[in-house]
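One structure is given here, and the rest of the page talks about it.
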Amino acid sequence: MVVGGAVVDCLSKCGSSFVARSSSSSICGIGLRLNLNSNLTRTIRPRRAVVGLCVASLITNSDSFEVGRLIGSYGFMNVTSYSGLQSGMGMDYAVSEDIRNFKVQDIGEGSVKIRLYEGRVAQGPLRGTRVIFKVYPGQQVGGIEADMMAANELNAHASLQSNPKDVCPHIQALLGGFETKTGEQWLAFRDIGKYSAADYAKITSENMSKMIGGGEQRLWNPFELDLTIKRRRYFVVRLLHGTMRGLSYMHDNDRLHQSLGPASVVLNTVIEKDAPYLIPRLRDLAFSVDIRYSQLEDRPNILSEGLWRRASVAGASSPLERRAFGIADDIYEAGLFFAYLAFVPFCEAGVMDSISLRRLLENTFQLDLQAAREYCSADDRLLEAVKFLDLGDGAGWELLQAMLNRDYRGRPIAEAVVNHRFLSGTFL
C-alpha cells in the first residue's frame with residue numbers, strides 16, 4: 001500500500017457532499033445499479049438469501065457516519081499478459097517441455113485508485129465504533145471498473161456475512177456504506193488495525209538491519225537475538241494460519257479472493273510478543289469471484305475474465321474443472337504470500353522483496369523449491385529464512401512446494417494447508 005499524505009481534520013459529520021442517494025443506485029438494497037454506458041445498465045445483485053440481511057444489517061445512511069482524516073491511498077495491480085517461464089540470473093537449468101508451458105503473469109498497475117479515511121459510527125447501536133472508509137472513485141474518475149469493484153466487494157462481504165451465527169473472525173467486517181452525489185462509493189469496515197502484513201514485514205526487516213549490520217552482530221545479546229527469532233517464527237506461523245483459515249472459509253462459502261498478498265491481510269497487532277492475540281483478517285475483496293456452479297456457467301465479467309482465461313490455458317473447461325482451478329489459483333497466490341513471510345521478515349531491509357522473490361522462484365528456479373533452497377543456503381543473508389523453512393525436517397519447504405505446484409490439480413485445498421504440520425506450531 002502506498003500511503004498518501006494525511007489531512008489534518010477533526011472528525012466531522014458527513015455534510016451535504018456525503019448524502020447517500022435515495023434512487024436505485026443506493027449502495028445497499030436489491031442490487032447496486034451500475035450505468036455501464038448510455039444504452040446499457042448492469043445490476044449486480046447479491047444472493048437472494050442475503051438481500052434481506054444486507055438491507056437490515058448494514059448501515060446505509062450517510063448521516064450515521066462521521067468521516068475523519070485521510071490516512072492513505074493505494075492502487076491495484078492487474079494481470080496484463082501471460083508468458084512462459086524464462087531462466088534468469090545467468091543460471092542454466094535443463095527445462096522440460098511441460099515446465100516451459102507453465103504460464104506466469106505479467107503484472108501492471110490498474111487505473112482505480114482507492115482512498116482510505118478514518119471514521120466512526122455516529123448513530124444507532126454501533127455508535128462510537130471506529131471504522132475505516134474505503135472510497136472508490138466515481139465513474140467519471142475511475143470508469144466502469146471502479147463501480148464494478150465496489151459492487152463486487154459489497155456483494156462478497158454480504159454473502160460471507162449472511163449467517164450471523166457463522167461469522168469468520170479472519171475476514172474484515174463490513175458495517176455499511178453509502179454513495180455520494182459525485183458517484184463515489186464509500187464502504188465502511190470495522191477498524192481493527194491499520195497495519196497490514198506488508199507493514200509488519202517492513203518493520204521486522206528494518207529491525208533485522210538494526211540488529212545485524214554489515215554481516216556483523218552489533219552489541220546484541222545472542223540469547224536475546226535467539227529469542228527474537230523464535231518469537232518471529234511463532235508470529236509468522238500464527239499469521240499464516242489465520243490467513244489460511246480465512247481463505248478456507250471463503251472457499252467453503254463459494255468465494256475466491258483473487259488478490260491475496262501482503263497488503264490484503266490486515267493485523268490487529270505487529271508486536272511479536274503479542275502473537276497469542278494476533279488475528280489476521282483478509283480484506284480487499286474487490287476481485288472476489290463467486291464460484292457457485294450456477295455462476296460458473298454465466299459469461300464472466302471484466303473482473304474475472306483473466307482468471308478464466310488462465311483456466312482455459314490450463315485445460316480447465318467444465319464448471320467442475322474451472323471451480324477447481326479457481327481454488328488452486330488462490331492457493332498459488334497464498335503460496336507466494338507464504339514465501340514472502342518466510343523470507344522478508346527474516347532478512348535485512350532491501351535484501352528481498354515480493355517481486356524479486358517471485359522472479360527467483362518462478363523464473364530462475366522454475367518452481368523447483370529444492371534448487372531454490374540450495375541457492376538460498378549459500379547466501380548468508382537468507383540463512384534465517386532457510387532455517388525457518390527447515391523446521392520439522394523441511395516441513396516449510398514441503399508445504400511451500402505443494403502450494404506452488406506447477407499443476408493446479410496437485411495443490412492442496414486451504415483446509416489442508418491449515419492442518420499441515422508446519423502450521424501446527426509444534427516445531428516452535
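Observations on the structure shown:
- Gyration tensor (alpha-carbon) shape descriptor, the range 325-368, a/c threshold 1.5: oblate
- Between Gly176 and Ile59, Ala188, the built amide H atoms are under 5 Å apart, and every one of these is 5 or more places off in sequence or on another chain.
- Residues with amide H under 5 Å from that of Asp191, placed H, sequence gap 5 or more: Arg130, Val131, Ile132
- Label-to-label distance for Asn405 and Thr182 is 4.9 nm, based on points extended 7 Å past Cα in the beta-carbon direction.
- Linear extension gain, Asp390 paired with Phe427, 0.36 nm per residue minus alpha-carbon span: 12.3 nm
- The mean sequence distance of close C-alpha pairs (under 8 Å, at least 6 residues apart), as a share of the length of the range 319-427, puts its relative contact order at 33 percent.
- Simple spin-label estimate for Val313 and Gln123 gives 5.0 nm between the two label positions (7 Å along the Cα-to-Cβ direction from each Cα).
- With a threshold of 29 Å on the Cα-Cα distance, the over-threshold entries among Lys134/Lys230; Lys134/Lys202; Lys202/Lys273 are Lys134/Lys230.
- Between Gln295 and Ile229, the contour length at 0.36 nm per residue exceeds the alpha carbon distance by 19.2 nm.
Quick note: the coordinates plus some simple rules give every number you see, no bench work behind them. Remember, it's a predicted structure, so these values are computed and weren't measured experimentally. Positions of Cβ are backbone-derived with ideal geometry, glycine not excepted, and every protein chain shown enters the neighbour counts.
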